[in-house]
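S.K.: Starting off with a structure, shown below.
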């Protein structure tokens, strides 16, 4: 199979375009054979779309609904500005042929094609460019969101445009004893989530979301449909964690569902800084990754409060007993715990409360509400208590955001780091830095982004090293940006700066897969 690049190039835009990499990185051994991309011809590209797609599927700057369609899946107000380079066209795909036509037109006329499923990309690279010089189009997958659940065989086919909430709702509608180990954000698009690995509150029991992908349908860069058998195992490996849009447009995924008990237990325990929260955090680092697989205990730090959030695949009696035995310092009591079904727990953690109707999971949340910036780290050795005291000081600063600590261990440690592109399975926990604000303007942006960069810098001595790891679904352009050379190609050595942070040793294999399936990138 030959995947041809689209000019400025390929589909990779959404991730391996992590800069304005409209081209992917070419490994050293493949560089000599890489052909330069053609010059983009926007007018011909638009004519091509008009010839092969129905008018209602294509939106250009001249379309009355262009802005509303573009912003319908934008989650970050940082990228709703007049200065943000926008696509020359948006293809609102209703079926596979629409995606194929967009890809073929892009390849023919040198216009990059970026797939967008939920629009949660932290840096907005599924719908924006970092350079106005390179034209691109967005293939919006929101209409490709069908979910078909086979409860008997414990599988589901789901379109990339579906949200996690829509997936969870469909599963629960068919069976109260089935679930899926995805993330806690119900408006996150399935396509991007799975493409980056994807983890949530079931990861200690069942691993990553991408670990449960058993088949997929991809439109390759030549516009051909490929399932797992046709794409081959190398490409199938790459799409399950190698970054959204990097190796083709994934239209749909076949998932292996997991069994959940009839009752689960949830708990939220608040411990302020002045109640020995730093000592609790220091202890938590030893306890949480070593808990039984049926339990997870994550932490959210905001202001001067540590919020310990638990999900247990069992009863409250089991959860409270486990915490009393493993983490008595937390002081969890029976009154801190609530029993509910798995789908109710999804709502509980998504919306921080009980009594929400399951239909709320169908709300796609299509209007951007805040500005935000995210970063991530992986912690492989417990941090000393004084680090947490310093973190509390940062959380007092003007412009402070929050920290989220997600423990690994359990099933995560039972899967080889090379099994999928996601390599961080041996970490104790993932640390997410999240800054958000609601005020417009450069001053507000600099204040909040400055806070998150400053705290990230201060934590460097205490997190993973060589490389300092990061989670690709918390994309962070501060890690590095590729600038194309005169042929539109990105240097493999330059790309390693960010590539190995996300993928460690797996980055080399990802680059080799790209060179194999797209030698003319």
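Rule-based calculations on the coordinates, nothing more; no lab input. All figures in this text were calculated on a predicted structure; none of them were measured in a lab. Cβ placement follows ideal geometry from the backbone for every residue including glycine, while neighbour counts extend to all protein chains displayed.
S.K.: If you wrap a convex hull around the C-alpha atoms of region 210-273 and split its volume per residue, what is the figure in Å³? Show your work: numbers first, answer last.
M.R.: Numbers: hull volume 9.0 nm³, N = 64.
Taking only Cα atoms, region 210-273 has a hull volume of 140 Å³ per residue.
S.K.: In whole angstrom, note down how far apart the Cα centers of region 333-367 and region 68-93 are.
M.R.: Cα centroid to Cα centroid, the span is 30 Å.
S.K.: Right, another one. Can you tell me the length gained on complete extension of the stretch residue 418 to residue 369, counting 0.36 nm per residue apart and subtracting the Cα distance? List each step's numbers first, then the result.
M.R.: Numbers: separation 49, 0.36 × 49 = 17.64 nm, distance 3.75 nm.
So the chain would gain 13.9 nm between residue 418 and residue 369.
S.K.: Which semi-axes, in whole Å and largest first, does the equivalent ellipsoid of region 249-325 have when worked out from the alpha carbon gyration tensor as the square roots of 5 times its eigenvalues? Don't skip to the end; give the middle numbers.
M.R.: Details: eigenvalues 159, 67, 26 Å².
Largest first, region 249-325 gives 28, 18, 11 Å.
S.K.: Considering just Cα atoms, how many Å³ per residue does the convex hull of the chain enclose? Intermediate results must be reported in sequence, preceding the final value.
M.R.: Working: hull volume 69.7 nm³, N = 521.
Per-residue hull volume (Cα only) is 134 Å³.
S.K.: P(r) tail for region 47-146, what percent of Cα pairs lie past 17 Å? The partial results should precede the final answer.
M.R.: Values: 2303 of 4950 pairs.
Pairs farther apart than 17 Å: 47 percent.
S.K.: Measuring from label point to label point, each 7 Å out along Cα→Cβ, what is the residue 52 to residue 83 span in nm?
M.R.: 3.6 nm
S.K.: Under 17 Å from the 7 Å Cα→Cβ point of residue 325, by amide nitrogen: which residues of region 261-289?
M.R.: 265, 287-289
S.K.: When only alpha-carbon atoms are used, what values of Rg and Dmax, in angstrom, describe region 147-259?
M.R.: 13.1, 41
S.K.: Just grab the label-to-label distance for residue 173 and residue 398, each label 7 Å out from Cα along the Cβ direction, in nm (one decimal).
M.R.: Modelled inter-label distance: 5.0 nm.
S.K.: What Kirkwood radius, in Å to one decimal, follows from the Cα pairs of region 337-390?
M.R.: Details: mean 1/r = 0.0658 Å⁻¹.
Result for region 337-390, one decimal place: 15.2 Å.
S.K.: How many percent of DSSP beta bridges within the chain run antiparallel, rounded to 5? Can you show the working numbers first?
M.R.: On the way: 61 of 73 bridges.
The answer is about 85 percent antiparallel.
S.K.: Treat each spin label as a single point 7 Å out from the Cα along the C-beta direction, and report the residue 215 to residue 358 distance in nm.
M.R.: For the pair residue 215/residue 358, the computed spacing is 2.6 nm.
S.K.: Further question: Run the numbers for residue 157 and residue 41: contour at 0.36 nm per residue of separation, minus the present Cα-Cα distance, in nm. Each step should come with its number before you reach the end.
M.R.: Values: separation 116, 0.36 × 116 = 41.76 nm, distance 3.67 nm.
So the extension gain works out to 38.1 nm.
S.K.: Which order, highest average first, do 311-317, 122-128, 475-481 follow once you tally other Cβ atoms within 10 Å for each residue and take the mean per peptide?
M.R.: Working: 311-317: 20.4, 122-128: 23.7, 475-481: 18.6.
Descending packing order for the listed peptides: 122-128, 311-317, 475-481.
S.K.: Also, I was wondering about something else. Ranked highest first by the average count of other Cβ atoms within 10 Å around their residues, in what order do 446-456, 404-414 fall? Intermediate values should be presented prior to the final figure.
M.R.: Details: 446-456: 17.9, 404-414: 20.5.
Most protected by this proxy first, the peptides run 404-414, 446-456.
S.K.: Is it possible to state the helix-based mean residue ellipticity at 222 nm for the chain, with each DSSP H run of 4+ residues giving -39500 (n - 2.57), the sum divided by total residues, to the nearest 500 deg cm²/dmol? What is it?
M.R.: Values: 15 runs with 148 residues, N = 521.
Taken over the chain, the calculation gives -8500 deg cm²/dmol.
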